[in-house]
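Rule-based calculations on the coordinates, nothing more; no lab input. Computed from a prediction, not measured in an experiment: that's the story for all the values here. When we count neighbours, we look across all protein chains shown, and the Cβ atoms used for this are built from the backbone with ideal geometry, even at glycine.
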There are 2 protein chains.
Amino acid sequence: MSRHLQLGRGGEFDRLRRIFARLGPGGGRDLGDDCASIWVGGRADGTTLVLSIDLSVEGVHFRTDWLSFREIGWRATAAALSDLAAEAAEPIGVLVSLGVPGNRQRRSGNAAPATEIMAGVGAAARSVGASVLGGDLVRSARYLVDVCVVGWTAHPVRRNGARPGHGIWVTGVLGGAALALARLKRGRRLARSLFRRYAAPEPRITAGRWLAGHGAVAMIDVSDGLVADAGHLAAASGVRLDIELERIPCWPGVTPRAAVASGEEFELLVALPPSFDAARGFHRATGLPLTRIGRCARGRGVRLTRAGRPVAAPRGFDHFPAG
Amino acid sequence: MSRHLQLGRGGEFDRLRRIFARLGPGGGRDLGDDCASIWVGGRADGTTLVLSIDLSVEGVHFRTDWLSFREIGWRATAAALSDLAAEAAEPIGVLVSLGVPGNRQRRSGNAAPATEIMAGVGAAARSVGASVLGGDLVRSARYLVDVCVVGWTAHPVRRNGARPGHGIWVTGVLGGAALALARLKRGRRLARSLFRRYAAPEPRITAGRWLAGHGAVAMIDVSDGLVADAGHLAAASGVRLDIELERIPCWPGVTPRAAVASGEEFELLVALPPSFDAARGFHRATGLPLTRIGRCARGRGVRLTRAGRPVAAPRGFDHFPAG
């Protein structure tokens, strides 16, 4: 959900590349990152504002028979806030555009969907100390939630700072989002923890800021799938990422191969200096595991290995398949 | 297109009021204005960032048989920038979410619609010195363009500063947007100037900043129709607005009554001190007329008169009619 101006592989990226090439000089700054940044204030006491926008559309990003409207609002907002987490930014607020079908305003006995969606948006924002700054509401054929997030940081972490020798780490465990999606598609019931993982992801704001404070040199959130996002980080940094499949921290019942293809995980993939060894301190601060899954090398792209042998990379998902 | 958190009359406003009431303390700041504002920087050299978000949806705000994709992008962006104009803010940049139907990517011989829309977005942004900071692109059933604008100002002009005795003025001439829409609906051809007025509105950034520099105490852009927007300004300021129909500057062929109901005009309605008499200077600076159409009085709401006699106010348009 956060493929803003990412320049990687796939049909959607090719499309974005064409689009932003049209904007000419001055347009499309910071093309390599999910977030745009604006420097404000004086030299001594200035700060960097970071912004990102993230559109969730019914039938593409969510289904109203899988999630409540409140969960739809939370999830769309958490997805947008995840971009701020990867920048090590502190959220300030969100602006939200809602599209709501004119003839589906109310389910019997429930509050209006738009009200419920906004309750979820507000709860997700408050969970990271942000507030709802503004919004727009229009009639549309399908539900849609577009969230623009605003945050700030004294020292943003971009994607382009990884160098050969840096360690590659990931927060949390991967694969839950794909597993949940697969079961929902098959009409299967989900265990409570798995459903929560899918319906109410927690943006890794605290984790991102902790990592920035402990030497993170490049960071990206896992939204397209670990391999795809590793590819974005590798491209921006001009390095190759060597990732060992057997090191991938997996959701119970998920294979490493499925875990590295799982999108919308909203964990953080981070490059840290070779000397970094504070994963326990990270766990104490955030409650999350932090796992070293590989390293940066000279070259380009992502090299996946299992027991030291190269294996083909699965493709991340893409809303606009090429061709 | 810019009814962000406006608290006025009508179904949509009632809906928004319910929604943002749900957000609780800390949520929904600056409810009275189209723009959210964030104070950044130190006490001495700080500035106010202003943000607004504006969603345009195919079939509601535009039709692809009336406007080119480039015009659709321009118009959506101009509508969002109009909110910054009313705040007397200087635009910095825009973030844009695009929804594009998966099966309508390309018209024969033309560039991809998403590319064309972004070309229009970029041109509108550049016309006021702003750039495209970021974006998102997803597949959706219908085209949609959601534009989040970011600007700054040392001295924002809000809606709540009008007091009894202040003059009420409007920039430009009104009614062209409604006239164009009526003719398009009837399948009639439009004169070039009228079509441009509809397809390529110019956000009144320069006008807004000039007015702020010449004493503007309250300002709003005309997006819901002059009477409706006057109602928002009156409500925010706690005054009554007395407006004389015969003073309304009208597009050729449009009656004053139609002109004050015409939405998406993107002119500025502004309260100025009684002593203000620099309309000629405004014209020299902006090329636009500035017309005194009434004054603020004690009370509430909007009182329309013709030859000194009260007349009933036409309703502005509302995407979500009550009932």
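With label points set 7 Å from Cα along Cα→Cβ, the inter-copy distances at B:Arg309 are 9.5 nm, sorted shortest first.
Given H placed on each backbone N at 1.01 Å, which residues far from A:Val311 in sequence or on other chains put an amide H within less than 5 Å of it? Amide H neighbours of A:Val311: A:Leu304, A:Thr305, A:Arg306.
The protection proxy used here, the mean number of other Cβ atoms lying within 10 Å of each residue, ranks peptides A:194-200, B:280-286, B:228-234 as follows, highest first: B:228-234, A:194-200, B:280-286. With a/c under 1.5 counting as rounded, go ahead and sort segment A:32-153 into rounded, prolate or oblate using the C-alpha gyration tensor (a ≥ b ≥ c being the square roots of the eigenvalues; past the cut-off, prolate if a/b is larger than b/c, else oblate). Prolate, because a/c is 1.5 or more and a/b exceeds b/c.
Taken residue by residue and averaged, Cβ atoms of other chains lying within 10 Å of the Cβ of A:141-149 number 6. Here the Karplus relation 6.51 cos²θ - 1.76 cosθ + 1.60, evaluated at θ = phi - 60°, turns the backbone of segment A:129-135 into coupling constants of x, 9, 10, 7, 8, x, x Hz, with x for every Gly and Pro. For segment B:167-311, what does the alpha-carbon gyration tensor say about shape, rounded, prolate or oblate, given a ≥ b ≥ c as the root eigenvalues, a/c under 1.5 as rounded, and a/b over b/c as prolate? It is oblate, given that a/c is not under 1.5 and a/b is not larger than b/c. Toward the positive end of the charge dipole of segment A:167-311, with +1 on the Cβ of Lys and Arg and -1 on the Cβ of Asp and Glu, the farthest Cα among A:Ala278, A:Ile293, A:Ser262 is that of A:Ser262. A label point on B:Asp65, set 7 Å along the Cα-to-Cβ line, lies at 3.3 nm from each of its counterparts in the other copies, closest listed first. Shown for A:Asn160: label points 7 Å from Cα along the beta-carbon vector, and their distances to the equivalent points in the other copies, 4.3 nm in ascending order. Summing charges over neighbours of B:Gly59, with a neighbour being any other residue whose Cβ is under 10 Å away from its Cβ, gives +2 when K and R count +1 and D and E count -1.
For the residues of B:87-96, the average number of beta carbons from a partner chain within 10 Å of their own beta carbon is 3.
Rounded to whole numbers, the Karplus 3J(HN,Hα) couplings from phi for segment B:85-100 are 4, 5, 8, 6, 9, 9, x, 9, x, 10, 10, 10, 9, 10, x, 10 Hz, using 6.51 cos²θ - 1.76 cosθ + 1.60 with θ = phi - 60°, and x at Gly and Pro.
Using only side-chain charges placed at the Cβ, +1 for Lys and Arg and -1 for Asp and Glu, the dipole size of segment B:32-153 relative to its Cα centre rounds to 620 debye.
Between the alpha-carbon centres of segment A:144-221 and segment B:72-100 there is a gap of 30 Å. Shown in residue order for segment B:242-249 are the 3J(HN,Hα) couplings computed by the Karplus curve 6.51 cos²θ - 1.76 cosθ + 1.60 at θ = phi - 60°: 9, 10, 9, 4, 6, 8, 5, x Hz (x for Gly and Pro). Take B:87-93, B:208-214 and order them by the average number of nearby Cβ atoms within 10 Å per residue, most first; the result is B:87-93, B:208-214.
Per residue of peptide A:53-60, the mean number of Cβ atoms on other chains within 10 Å of the residue Cβ is 6.
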